[in-house]
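Reading through the structure tokens given below for one structure.
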Amino acid sequence: MTEALEPAVHETPLTEAHRALGARLIEFGGWLMPVQYGSIIEEHRAVRERVGLFDLSHMGELYIEGPDAGAALAAALVTDPPSLAIGRAHYSMICTPSGGIIDDLIVYRLAEARFLVVANAGNAAVVSDALAERLVSFKAVLDDRALATGLLAIQGPRSVDVLRALTDVDLDAVGYYAIAEGNVAGIPALVARTGYTGEDGFEVFVETGLTGKLWDVLLGAVQAQDGLPVGLGARDTLRLEAGMPLYGNELDRETNPFEAGLGRVVKLQKADDFVGRVALEKVAKDGPSRKLVGLLVEGRGIARHGYPILSGERRTGVVTSGTQSPTLGKPIAMAYVAPGDAETGTVVDVEIRDARVPARVVALPFYRRKD
């Protein structure tokens, strides 16, 4: 009898650098990643108040190029990439024919016929395969550069101060959800003004072999601004405060964009067909069977992933993510509930360790930065 082999766990180019900083490493999305270097709360606050540095080299980078690149992506995704101006980006999703979310993505237009699609680490191979299949009838090719690309993120109010002295990119000309090519610390890079924290910040794409050099320079600049390296723990509390969904929690193949409150992303007005269109048109017409909401827990306890939500004696939904908000000082959560319980101000109960704890439906995000 042959034993099944465990899938290999990838390491980013910075694994030893993380160990040297005392990071606690865990497997995440098939990669060995730092969950924290010290205190998750301190790392969280560093990003909210100053600046933090993240290793995101586990993400998947997929380049699509050719005369039909835009049209191919429009047929493969729910958004309309050909409508992007060169140097701009948008949030997107790749869905199943039944409308379920395979992954949420960011699509960057680098040139007239060249796009960069960034997928979540755990879904990168699946997205790559799905896109390759959906591009077959188009004059476009896919170049999966996930293992050849390092990605670092600088996030927080002082992120511009950190990066400005190190790059020849005009950061003032790079708006939110935009991308530019240049050099950072003398290293050829793509610099995008995107992130997953609710703060201003940048994501820097470089060749894998140069990631360590870039990390060292950026870490020194971040620490000079009283910032910290930041792990997955604070990344999760930051994104939850900002109301940003996490694949595997808020998003999956059993969930469609309209249920997740992301129907605006689906461009049903596109002239041509795209995978999932018929199913999503029906949801848009009939309305979703459940809705993603924010919850402010008013009793004691943290509403964790998977906890039931009750309205009277009726189970109305389930918690998808929850934490004690370091910024608000209160327990917060995101959850799916029946449409009738999704109105702001509605009070429901979360079942926490066999106790019913009241929680109030609030508008997302929980936190919005001050410009």
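The values are calculated or read from the model by the stated rules, or taken from the named source; none is laboratory data. For clarity, every value in this text was computed on a predicted model and none was experimentally measured. Methodologically, a virtual Cβ is constructed for each residue, glycine included, from the backbone with ideal geometry; neighbour enumeration extends over all protein chains shown. With ligands, DNA and RNA removed, areas are computed over all heavy atoms of the protein, side chains included. Shrake-Rupley method; radii C 1.70, N 1.55, O 1.52, S 1.80 Å.
Kindly evaluate residue 182 against the criterion of being in a helix (DSSP H, G or I) and surrounded by fewer than 22 Cβ atoms within 10 Å (Cβ to Cβ).
No: the conditions fail for residue 182.
Kindly evaluate residue 243 against the criterion of being out of contact with any Ser or Thr (no Cβ under 7 Å at 6 or more places or on another chain) and of a type in the set (Gly, Ala, Ser).
yes
In the list 61, 65, which residue meets the criterion of being touching a residue at least 60 places away in the same chain (Cβ under 8 Å), open to solvent by less than 10 Å² (accessible area, probe 1.4 Å), within 14 Å of residue 131 (Cβ to Cβ) and in contact with a Lys or Arg (Cβ under 9 Å, 6 or more places away or on another chain)?
That would be 61, the only listed residue that is touching a residue at least 60 places away in the same chain (Cβ under 8 Å), open to solvent by less than 10 Å² (accessible area, probe 1.4 Å), within 14 Å of residue 131 (Cβ to Cβ) and in contact with a Lys or Arg (Cβ under 9 Å, 6 or more places away or on another chain).
Is there a residue in region 278-291 that is under 16 Å from residue 92 (Cβ atoms) and crowded, with 21+ Cβ neighbours inside 10 Å?
The answer is yes, given that some residue of region 278-291 is under 16 Å from residue 92 (Cβ atoms) and crowded, with 21+ Cβ neighbours inside 10 Å.
Suppose we filter 247, 196 for residues that are touching a residue at least 60 places away in the same chain (Cβ under 8 Å) and open to solvent by 30 Å² or more (accessible area, probe 1.4 Å); which single one remains?
247
Could you give me the residue pairs with C-beta distances under 8 Å whose first residue belongs to region 13-42 and is closer than 16 Å to residue 237 by Cβ and at pLDDT 95 or above, whose second residue is open to solvent by 60 Å² or more (accessible area, probe 1.4 Å) and of a type in the set (Phe, Trp, Tyr) wherever it lies, and which are 6+ apart or on separate chains?
As it stands, the answer is 35/28, since those pairs meet every condition given.
Can residue 259 be described as outside any helix (DSSP H, G or I) and open to solvent by 50 Å² or more (accessible area, probe 1.4 Å)?
no
Please return the ranges of strands (runs of 3 or more DSSP E) entirely within region 271-371 where 1 or more residues are over 23 Å from residue 244 (Cα atoms).
Once the strands (runs of 3 or more DSSP E) in region 271-371 are filtered for at least 1 residues that are over 23 Å from residue 244 (Cα atoms), what remains is 308-311, 314-324, 347-352, 355-362.
Restricting attention to region 254-274, does a residue exist that is among the aromatic types (Phe, Trp, Tyr), within 30 Å of residue 75 (Cβ to Cβ) and touching a Pro at 6+ places or on another chain (Cβ under 6 Å)?
Yes, the conditions are met somewhere in region 254-274.
Given the criterion in contact with a Gly (Cβ under 8 Å, 6 or more places away or on another chain) and not basic (Lys, Arg), identify the matching residue among 147, 214, 163.
Every option except 214 fails the conditions.
Could you tell me whether region 259-277 includes any residue that is touching a residue at least 24 places away in the same chain (Cβ under 8 Å), over 23 Å from residue 124 (Cα atoms) and hydrophobic (A, V, I, L, M, F, W, C)?
Within region 259-277, not a single residue is touching a residue at least 24 places away in the same chain (Cβ under 8 Å), over 23 Å from residue 124 (Cα atoms) and hydrophobic (A, V, I, L, M, F, W, C).
Sort through 278, 230, 293 and tell me the only one that's of a type outside the set (Ser, Thr, Tyr), closer than 21 Å to residue 348 by Cβ and modelled with pLDDT of 95 or more.
Exactly one residue qualifies, and that residue is 293.
Can we say residue 167 is more than 16 Å from residue 118 (Cβ to Cβ) and within 19 Å of the chain's Cα centre (by Cα)?
So residue 167 does not fit the description; no.
Residue check, residue 253 against (1) of a type in the set (D, E, K, R); (2) over 23 Å from residue 127 (Cα atoms); (3) not in a helix (DSSP H, G or I), all met but one. Which one?
Against the list (1) of a type in the set (D, E, K, R); (2) over 23 Å from residue 127 (Cα atoms); (3) not in a helix (DSSP H, G or I), residue 253 comes up short only on (2).
Just to be sure, is residue 327 touching a residue at least 12 places away in the same chain (Cβ under 8 Å) and touching a Phe, Trp or Tyr at 6+ places or on another chain (Cβ under 6 Å)?
yes
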